[in-house]
Amino acid sequence: MAIDVVNPYEVAVAQFDEAAERLGLSQAMRAILRKPQRELIVNFPVRMDNGDVEMFTGYRVQHNINRGPAKGGIRFSPAVSLDEVRALAMWMTWKCAVVGIPYGGAKGGVICDPHEMSFTELERLTRRYTTEISILLGPNSDIPAPDMNTNPQVMGWIMDTYSMHRGYSIPAVVTGKPLSVGGSEGRLEATARGVQVVAREALRDLRMAPEDCSVIIQGFGNVGSISARLLSRLGCKIVGLSDIKGGVYNPDGIDVFAALRYSKEHGNLVGLPGTEFVSNSELLEQPCDVLVPAALENQLTGRNAARVKARLIVEAANGPTTPEADEIFNERGITVVPDILANAGGVTVSYFEWVQDLQRFFWSEPEINSRLESIMTRSYRAVHDKAEEQQTNLRMGAYLLAVSRVAEATEVRGVYP
Ligand code: NAD
């Protein structure tokens, strides 16, 4: 039986190695880009509501900062590990390069189960974690953002904690904040808006009309639920949805607004009227034209890739496809829009938020959306053209573009001292 690589950092390094080989990068450049530049591990106490003190472990990893300050989300989850954070940091480096925004890659995470914690416990955990990693943070050095289980409120606490230590407000230290403290219009929807744009472009290349397409989305959080709304606005029929509790499927279509209301009311999608329950793994194998993994890593593997029915996979999540599954999709002629391109809308509008904060000058939502649209469309086309030119798939096209940009910046800056 085939063995899947499940360590996300090994996956990330294997993807990089392939691109480096194709680009003919020197051994020295490969050695530099294979490893994260900085890795901080913090163990810290948090006082719980019942008076007990619990210890937590968190990470902040900066993979490469040659193209600009480190940028990347913060994840709260029991599954967080140093290798996961390393992989996500490396993917951030390539993601920023592929859409041409002037950042390096970083990621952070805390091992915790936010669903088992109260609002005030989460606030204390966030503030202490921010303090612990503040030796790295700063508007010119390292700028966090939301990721799994973190949201604008958490970003607001990060901004406040960092600002309290300095004695004045520094909104540009973090993005994805609420509008009232320097957040940007359009940030909440940005990742999903990017997913919509690349899905539209890829469907056009495949000569598939959105109105004729059925879509399954795994994950119904920030990215998944808004992608469902925006893809249905594009004309697609949403036939399957899921969250951590399981999936719901109806080949005749699901009313996304009803699903949003139901999920808000019940805390999950299970039991949504007019749908059949399927497990998360079954959902990925149901008939559809477009599959959007929008939850977590390693969902499409050597074990299920042969049974996936979709013609197009748009990776809204980071690292949802293992290299083994990628190979199977390649052989089967299934197009995969890779994560470093497909979900780059989030970091793009984070960049807009940071620019607005630094200038103290804010743009309107239509302005944000139209700039995002043009960056995502241009980036998709550049990746597509690179893939055609090199006779490879979109993932390798994206890696070839991104890695060569980062390698060029690293080469130009030289080895210090
Ligand atoms: P979120 O916490 O808002 O939502 C995550 C969703 O996944 C929830 O619906 C949750 O129930 C579901 N989920 C969790 N575990 C699951 C499992 N085992 N099986 C099925 N579903 C499960 O997170 P998000 O911000 O929407 O992020 C989702 C993905 O998108 C992550 O991979 C993240 O790294 C990536 N991403 C997010 C952003 C952003 O701006 N938020 C940007 C780029 C990439």
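Points worth noting:
- Residue count for segment 270-303 satisfying the condition of being farther than 25 Å from A342 by Cα and surrounded by 15 or more Cβ atoms within 10 Å (Cβ to Cβ): 5.
- Any hit, segment 190-205, residues being farther than 30 Å from R360 by Cβ, open to solvent by 10 Å² or more (accessible area, probe 1.4 Å) and free of Cβ contacts under 8 Å to residues at least 12 places away in the same chain: yes
- R22 meets the conditions (1) modelled with pLDDT of 95 or more; (2) open to solvent by 50 Å² or more (accessible area, probe 1.4 Å); (3) not in a helix (DSSP H, G or I) in every case but one. The failed one is (3).
- Residue within segment 58-73 that is assigned to a helix (DSSP H, G or I), open to solvent by 10 Å² or more (accessible area, probe 1.4 Å) and in contact with a Gly (Cβ under 8 Å, 6 or more places away or on another chain) present: no
- Every condition in (1) open to solvent by less than 40 Å² (accessible area, probe 1.4 Å); (2) more than 12 Å from the ligand (Cβ to nearest atom); (3) out of contact with any Leu (no Cβ under 7 Å at 6 or more places or on another chain) holds for Q153 except the one numbered (1).
- Restricting segment 332-379 to residues that are away from the ligand (no atom under 16 Å from the Cβ) and open to solvent by less than 10 Å² (accessible area, probe 1.4 Å), the residue that is nearest to E185 (Cα to Cα): Q356
- Those residues of segment 130-145 which are crowded, with 18+ Cβ neighbours inside 10 Å and either of a type in the set (A, V, I, L, M) or in contact with a Cys (Cβ under 7 Å, 6 or more places away or on another chain) (or both), in sequence order: I133, L137, I143, A145
The values are calculated or read from the model by the stated rules, or taken from the named source; none is laboratory data. Predicted model only: the values in this text are computed from it and were never measured. Positions of Cβ are backbone-derived with ideal geometry, glycine not excepted, and every protein chain shown enters the neighbour counts. In case anyone asks, the SASA skips ligands and DNA or RNA and just uses the protein heavy atoms, side chains included. Shrake-Rupley method; radii C 1.70, N 1.55, O 1.52, S 1.80 Å.
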